[in-house]
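What follows is a short report on a single structure.
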Amino acid sequence: MSESLFNKVYNPDVLSCLANLSNDEVFTPPEIVNQMLDLLPQELFKNPDTTFLDPACKTGVFLREIAKRLIKGLEPQFPDLQQRLDHIFKKQLFGIAITELTSLLSRRGLYCSKYPSSDFSVVKFDNAEGNIRFKRIDHTWVNGRCKYCGTNKTYDRGEELETHAYEFIHTDNLEKLFNMKFDVIISNPPYQLNVGNTSGNASKARAIYQDFISQAIKLSPRYLVMITPSRWMTRSTEGISDEWIDYMLNDNRIRIMHDYIDSSLCFPGVDIMGGVNYFLWDRDSQGECEYYLHTEQNLVLSKKGYLNASGAGVVIRDIVALKIIDKIIATEGNYIIGENNNFSGLVSPKDFFTNKIQLTSSWTAYSKEKTSINSIKYYLNKAIHKLDYAWVKQADIPKNIASIKLKKVFIPAANGSMDYVLGVPFYGEPNSVCSQTYLVIGYDPEKHIFTKEQCDNIITYIKTKFFRYLVSIKKKTQNGPRGVYQFVPMQDFSKPWTDAELYAKYNLSQEEIDFIESMIKPME
């Protein structure tokens, strides 16, 4: 084997190999762990009184890499290596494993023995856990849901299966877990749990990483460092409350953040929609955040400012977008605040013509041909029904009857391709409705009375790369509710629009134009 090939394929650290095993409870590569540790003041690793906690141990890699730094940093105070190890492992490093298996793996990674009371451990403890604890916890059920994590009784399991009731977020007496304060809490927590029905409706996943962040902040460490999905910053995550997001956006103790558009740059082989980020939270320091955006091309763009600087209730992750939005505001005023000032005011809520619990397939009375009874055109999900549209009677339409007569635009409510951002819009003639597959643009008969020409002009606007780029600022998953249109300014729809006209109207530089053109594919 040649030396160059050997360097490409040989990886001496088993924990790097483990990083690719899951996209739910994601193992963290040592390289990323050390980048996270670099955010901390490095004098912490020279202080024999600094204490560290990983509340969601999987491989023990965080504690292991901290131990390496402490072993080097404490050498002047503890010249004897064994005395130094005893002090570090027994008095400075603590962990809570998320499962019994990961407790063994973490102890093996940190102590070189899954049972640190054995002779094989680099430091011998009086108990088999050392300072990495695991306690099987049962969920606390209230009306069929766990009061702590929100999951259903799918996880009400026997002793032979893991409950995934993580101890750190399933307790009201958090400070009693170790009966001590921690200077640093650092972790890669579990990201989500299934909280849907196991029969009938499709299951859903509820984010839980925010619960780990909240619990850690309750312990009031000097520093908190965590790596999580980035979807919360654009309000694209199921189960995270607006109150929690507002709290985080306005918590000016987040002093440094590294945000990765492509999660595989942190977790090779793992695709986490919307990317991931890791951050430094500093209890005793408030101010602007040093924000670093790592793009798909692994370019690093940086800015310094408050996470909620736009006032839009989201983090504008794209540095170029910030400059473009500033230019739009210079022309339009602060159009972001208030949905009637931007394009989101034209877009309907989801399930506009159907009840939320009413599945498309429940409208079984439609006909393939228009009849005197079935006279309302009903646009369907072609993938399900093998039809673009069918015909239904008005009495079958449960709500928003007044909007049936409008001239409007339909647009897919979801689109899987981030290159196009949105699905193709089309004209919705009077006496037409749609399934949950589509949103309605120009849905309010009291505000939106468009002509056919205006609808066509709206479609030209949506198809521009400019429009879809501004949508992509908030749209980080395939779902595209009305809120993702917040950064799109309104236009005069008495005329069609082209990218060239929009670039000129808002005085975009050639660099900004080239960036948009490279990010968004043309829509046929």
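The values are calculated or read from the model by the stated rules, or taken from the named source; none is laboratory data. All values derive from a computational prediction rather than experimental measurement. All Cβ positions, glycine included, derive from the backbone under ideal geometry; neighbour counts span all protein chains shown. These accessible areas exclude ligands, DNA and RNA; they are computed on the full protein's heavy atoms, side chains included. Shrake-Rupley method; radii C 1.70, N 1.55, O 1.52, S 1.80 Å.
Given the condition in a helix (DSSP H, G or I), farther than 21 Å from D183 by Cβ, in contact with a Phe, Trp or Tyr (Cβ under 9 Å, 6 or more places away or on another chain) and touching a residue at least 12 places away in the same chain (Cβ under 8 Å), answer yes or no: does some residue in segment 73-92 qualify?
no
Tell me yes or no: at least one residue of segment 300-322 is buried (at least 21 other Cβ atoms within 10 Å of the Cβ) and free of Cβ contacts under 8 Å to residues at least 40 places away in the same chain.
Yes, segment 300-322 has at least one match.
Can you tell which of T154, T140 is open to solvent by 30 Å² or more (accessible area, probe 1.4 Å), of a type in the set (V, I, T) and either closer than 30 Å to G275 by Cα or modelled with pLDDT of 95 or more (or both)?
T154
Mind listing just one residue for me: the one in segment 324-357 that is in contact with a Cys (Cβ under 9 Å, 6 or more places away or on another chain) and of a type outside the set (S, T, Y) and, of those, most open to solvent (accessible area, probe 1.4 Å)?
By that ranking, first place goes to F352.
Being among the β-branched types (V, I, T) and modelled with pLDDT of 95 or more is the filter here, so list the residues in segment 452-483 that pass it.
Within segment 452-483, I458, I459, T460, I462, T464 qualify.
Filter segment 451-471 down to the residues that are among the hydroxyl-bearing types (S, T, Y) and buried (at least 20 other Cβ atoms within 10 Å of the Cβ) and list them by number. Spell out how you get there, then give the answer.
Here is the first cut: in segment 451-471, the residues among the hydroxyl-bearing types (S, T, Y) are 451, 460-461, 464, 469.
Result: Y461, T464, Y469.
Can we say F267 is in a strand (DSSP E or B), at pLDDT 90 or above and surrounded by 14 or more Cβ atoms within 10 Å (Cβ to Cβ)? So that I can check it myself, show each step before the final result.
Numbers: in a strand (DSSP E or B): no; at pLDDT 90 or above: yes; surrounded by 14 or more Cβ atoms within 10 Å (Cβ to Cβ): yes.
Criteria not met by F267.
Can you tell me which residue is nearest to R317 (Cα to Cα) among those in segment 478-500 that are open to solvent by less than 70 Å² (accessible area, probe 1.4 Å) and assigned to a helix (DSSP H, G or I)?
Across segment 478-500, the extreme among qualifying residues is V484.
If you check every pair at least six apart or on different chains, which have Cβ atoms under 9 Å apart with a residue in segment 29-42 that is within 23 Å of R283 (Cβ to Cβ) and open to solvent by less than 10 Å² (accessible area, probe 1.4 Å) first and a residue that is among the basic types (K, R) and part of a helix (DSSP H, G or I) second?
Pairs that qualify, where the first residue is within 23 Å of R283 (Cβ to Cβ) and open to solvent by less than 10 Å² (accessible area, probe 1.4 Å) and the partner is among the basic types (K, R) and part of a helix (DSSP H, G or I), are V33/R64; L37/R69.
Is it fair to say F182 is at pLDDT 95 or above and among the aromatic types (F, W, Y)?
yes
Looking at (1) part of a loop (DSSP other than H, G, I, E, B); (2) open to solvent by 40 Å² or more (accessible area, probe 1.4 Å); (3) out of contact with any Phe, Trp or Tyr (no Cβ under 8 Å at 6 or more places or on another chain), which is the only condition D246 fails?
Of the numbered conditions (1) part of a loop (DSSP other than H, G, I, E, B); (2) open to solvent by 40 Å² or more (accessible area, probe 1.4 Å); (3) out of contact with any Phe, Trp or Tyr (no Cβ under 8 Å at 6 or more places or on another chain), the odd one out for D246 is (1).
Given the criteria surrounded by 21 or more Cβ atoms within 10 Å (Cβ to Cβ), among the hydroxyl-bearing types (S, T, Y) and over 30 Å from A414 (Cβ atoms), does Y223 qualify?
The answer is yes for Y223.
Test of understanding: among T102, T28, which residue is outside any helix (DSSP H, G or I) and within 28 Å of N277 (Cβ to Cβ)?
Going through T102, T28 in turn, just one is outside any helix (DSSP H, G or I) and within 28 Å of N277 (Cβ to Cβ): T28.
Quick check on my filter: what residues within segment 414-426 are farther than 14 Å from F450 by Cβ and open to solvent by less than 20 Å² (accessible area, probe 1.4 Å)?
V421, L422, G423
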